Amino acid sequence: MTAMEQSAKAPVRRGRRVHRLEPAALGGVMMRDVVLFKRYWKATTFSSVVQPTIYLLAFGLGFGSLVKTVGTVKYVEYVATGVVATAVLFSSAFPGMFNTFIRWKFQRTYDALLAAPVDVEELVTAEILWISIRAGVYGLAPLFVGFAFGLDPTWGMLLVPFIGFITGVGFAGFGVLIAAVAKTIDNFNYVTSAVLTPMFLVAGTFFPISSLPPVLRTIAKFNPLYHCVQLVRDVSLSIYDSADLVHLAVLVAFALLMWRLAIWQLQARLID
Amino acid sequence: MDEVRASIELRGVVKRFGAITAVDGLDLVVPPGVCFGLLGPNGAGKSTTMRMLTAQTLADQGTIEVLGYTLPGESKQARMAMGVVPQLDNLDVELTARQILDVFAYLYRVPRSERGAAVERALDIANLRPRADTIVRELSGGMRRRLLVARGLIHRPQMVLLDEPTVGLDPQVRQELWTLIDGLRADGVTVLMSTHYIEEAERLADTVAVMSAGRIIAEGTPSELVSTHAGREVLEVYGPPAELAALEARATERGWPFRRSGPAVALLEAERLNGDAPEGVRRPANLEDAFVALTGQDIE
């Protein structure tokens, strides 16, 4: 093709329609996540698995020698299923915060992606999707550790990755939101100590929230992690109850809310 | 009328950041198939203009059309058809050169059957075939810059935006990139390049627009700009500071255009001075003379 032909053709509008959340954009962004995961999976998996395992061992064995059951549930079963939510929290909120901040501010990766045909909505959605898929899978780790300590496998446990995924969307979205509004990476310390740590302790993971004072009990009911803990425990131990629908509804609502907030806030900062 | 439509058309574009007006009523038309140089001192609004063309910065006023698409609403279609080479290195330092090109081939919707060939072609453009599987963090500055350019060309775009393509590079790497950009122009790709290097604009651009304080203050081929704003000849007068100061006073009084040029005073349009001219060295006027005359600013 000569230069003349090409330049004559250049400005002709092509009929390509574009959509929101296009697979090529989502896939392209996740492709780099997958490449990096293939390289770093050992370290990522180690930290995502070992931490809940330590909680499980410390509380399950340590506390378990004092507390045999919570209600009708054996304490080791109680903790093993509860710690699933902890694993999901840690493997979604932290990558949401740190990966976003580093790629955006330090590596300027987002700047490069947004100059290509990728929108902020696609960018954020792809990052959150990838983190939550991973979190859903890592959420199974405490159950496997639990098997070694007398937790019985059930069919309901097959639902755990899905619950972990939905919860992961919420907390990954929360992480991205925090990264968007944080001034420096040190600000994450406030969030970790003032939000994530209390959230993780007051979620019915290690002890039932019914043992808390009424005020804290009410607060705990607004904690999405509490609903994740309850739902995972119920499906894993086959103690279904109508409240599980409420737990699921809260998790879905939390996920949708954080997803949209993360897009909104990052959009406001990436596009000036 | 499609064949005469511009690749880029900006009308009355304004962009403010708080109290600062970065782009101030910009009109810019880039015809297809040319290498268009946006020349201006730092802070003239060149990078803001470049970012507006990808809708990474949104204009407060005015209209922007890129490749027939109206921004920001149709920016994604426009971004699909163009390549972008940013001023700051934003390569994914944890990936290898090949992996980066793979990701961008995917993002730019290069069909699966052509993706492998596109990546190989881009590696050739970047001259990085032997280092294709090296992690970017370990590549030299010149290699990374070439990879940035190749990444922007992975999908054979009909237009490329180059934001200060050779800033901070050593002369040898700069030469390599100039050859690459020349090649693009020869292939009929529309190039919009911002630069604050006069030599770069003179050497590469078919048309140069001089930008200052957020708007275009002059536009033409490099030789047109020189003859219009600096004349044919420049007379450089050397001497002790007091003498030069006296000459400047005289030039001001008589309305002779002049500029300070290192240890000399350069009188522009010297061909019109005739018998009145002081002693000095005559040389042909160049784009730098025109640039300084236009912007009142010396460049590095």
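What to note about this one:
- Residue count for the stretch B:279-297, restricted to those that are closer than 17 Å to B:Asn42 by Cα, in a loop (DSSP other than H, G, I, E, B) and touching a residue at least 40 places away in the same chain (Cβ under 8 Å): 1
- Candidate set from the stretch B:26-63 (those that are modelled with pLDDT of 95 or more, surrounded by fewer than 24 Cβ atoms within 10 Å (Cβ to Cβ) and more than 14 Å from chain A (Cβ to nearest Cβ)); member that is nearest to the chain's Cα centre (by Cα): B:Leu28
- Being more than 13 Å from the chain's Cα centre (by Cα) and at pLDDT 90 or above is not true of B:Ala251.
- The sole residue among A:Phe101, A:Phe106 that is more than 14 Å from chain B (Cβ to nearest Cβ), more than 14 Å from the chain's Cα centre (by Cα) and within 26 Å of B:Asp89 (Cβ to Cβ) is A:Phe101.
- Selection from the stretch A:63-98 of residues that are more than 30 Å from B:Asp92 (Cβ to Cβ) and surrounded by fewer than 19 Cβ atoms within 10 Å (Cβ to Cβ): A:Phe63, A:Ser65, A:Leu66, A:Val67, A:Lys68, A:Thr69, A:Gly71, A:Thr72, A:Val73
- Pair list, Cβ under 6 Å, 6 or more apart: the stretch B:204-216 residue at positive phi, other residue part of a loop (DSSP other than H, G, I, E, B) and crowded, with 24+ Cβ neighbours inside 10 Å: B:Gly214/B:Gly45
- Matching residues, the stretch B:1-25, being surrounded by fewer than 18 Cβ atoms within 10 Å (Cβ to Cβ) and in contact with a strand residue (DSSP E or B) (Cβ under 8 Å, 6 or more places away or on another chain): B:Arg11, B:Gly12, B:Val14, B:Arg16, B:Thr21, B:Asp24, B:Gly25
- Taken together, B:Asp206, B:Asp182, B:Asp124 contain a single residue that is more than 28 Å from A:Gln107 (Cβ to Cβ), out of contact with any helix residue (DSSP H, G or I) (no Cβ under 7 Å at 6 or more places or on another chain) and acidic (Asp, Glu), which is B:Asp206.
- Meets criteria (modelled with pLDDT of 90 or more, under 27 Å from A:Ile128 (Cα atoms), surrounded by fewer than 19 Cβ atoms within 10 Å (Cβ to Cβ) and away from chain B (no Cβ under 14 Å)) for A:Lys38: no
- Any hit, the stretch B:236-258, residues being surrounded by 15 or more Cβ atoms within 10 Å (Cβ to Cβ), among the hydrophobic types (A, V, I, L, M, F, W, C) and in a strand (DSSP E or B): yes
- Filter result for the condition that a residue is surrounded by 18 or more Cβ atoms within 10 Å (Cβ to Cβ), within 14 Å of chain B (Cβ to nearest Cβ), at pLDDT 90 or above and within 15 Å of the chain's Cα centre (by Cα), over A:Glu122, A:Glu127: A:Glu127
The values are calculated or read from the model by the stated rules, or taken from the named source; none is laboratory data. Please read these numbers as outputs of a predicted model, since none were measured by experiment. We place every Cβ from the backbone using ideal geometry, glycine too, and count neighbours over all the protein chains shown.
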